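Pasting a structure below so you can have a look.
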Amino acid sequence: MLVDSDDKYDCSEYPSLHILFSLKNKKGLGCWKDEHSDGTPIREFVGLRSKMCSVLSDISSKVKAKGIVKPYIKHKLKHDMYVDALRRKKMTDVTFRQFKSSNHVVKTIEVKKFCLSSFDCKHYVLENGEQMLAFGHYSLV
């Protein structure tokens, strides 16, 4: 299936021999960009909360978790953990050390945070467990 990339998609990051490659909307505001710019199809997407998602393709996986330090994300978080948190409605907490400055004194502190959680405080999860509606949606009244 070919996508009309004339006005909505930024396909400038694809390989130059890719069928959708185009420089027309390069870095354009409001254009959709492909997370996997190498052109490989996405096999599975798990979005637990805002800025907490995992994308799986045939050759790689990309995980994002806002508020969690990058080394922990890189070495500990895997796509299967996101799927498990979604299916079992399970919360995961993490503990890591971080530098913190207070009154120009640098300290190492231990931080404990909730990491993976399928409980979203801005959306209502429907009975099927996978679809959501924003709080305030007309059908929730």
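In the list Ser12, Ser61, Ser57, which residue meets the criterion of being surrounded by 13 or more Cβ atoms within 10 Å (Cβ to Cβ) and touching a strand residue (DSSP E or B) at 6+ places or on another chain (Cβ under 6 Å)?
Within the list Ser12, Ser61, Ser57, the selection yields Ser57.
Assuming Arg97 fulfils every condition listed in (1) at pLDDT 85 or above; (2) under 30 Å from Leu133 (Cβ atoms) apart from one, which condition is it?
So Arg97 meets the others, but not (2).
So, one more: For the stretch 53-65: of the residues being of a type in the set (Val, Ile, Thr) and part of a strand (DSSP E or B), which is nearest to Pro41 (Cα to Cα)?
Val55
Here is a check on your reading of the model: is Leu86 closer than 21 Å to Gly129 by Cα and touching a helix residue (DSSP H, G or I) at 6+ places or on another chain (Cβ under 7 Å)?
It is false that Leu86 is closer than 21 Å to Gly129 by Cα and touching a helix residue (DSSP H, G or I) at 6+ places or on another chain (Cβ under 7 Å).
Same structure again: May I ask you to say which residue of Val141, Val106 is modelled with pLDDT of 90 or more and farther than 28 Å from Tyr14 by Cα?
Result: Val106 is the single residue among Val141, Val106 that is modelled with pLDDT of 90 or more and farther than 28 Å from Tyr14 by Cα.
A follow-up question, please. Do any strands (runs of 3 or more DSSP E) lying entirely in the stretch 66-141 carry at least 3 residues that are touching a residue at least 24 places away in the same chain (Cβ under 8 Å) and surrounded by 10 or more Cβ atoms within 10 Å (Cβ to Cβ), and which ones are they?
Hits in the stretch 66-141: 93-102.
Yes/no matrix, rows are residues, columns are (1) within 30 Å of His123 (Cα to Cα); (2) under 14 Å from the mean Cα position of the chain (by Cα); (3) charged (D, E, K, R); (4) in the same structural domain as Glu127 (by TED's automatic domain parsing):
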{"position": "Phe21", "(1), (2), (3), (4)": "no, no, no, no"}
{"position": "Cys31", "(1), (2), (3), (4)": "yes, no, no, no"}
{"position": "Ala65", "(1), (2), (3), (4)": "yes, yes, no, yes"}
{"position": "Lys74", "(1), (2), (3), (4)": "yes, yes, yes, yes"}
{"position": "Met81", "(1), (2), (3), (4)": "yes, yes, no, yes"}
{"position": "Asp93", "(1), (2), (3), (4)": "yes, no, yes, yes"}
{"position": "Ser101", "(1), (2), (3), (4)": "no, no, no, yes"}
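The values are calculated or read from the model by the stated rules, or taken from the named source; none is laboratory data. Model, not experiment: these values are computed from the prediction. Positions of Cβ are backbone-derived with ideal geometry, glycine not excepted, and every protein chain shown enters the neighbour counts.
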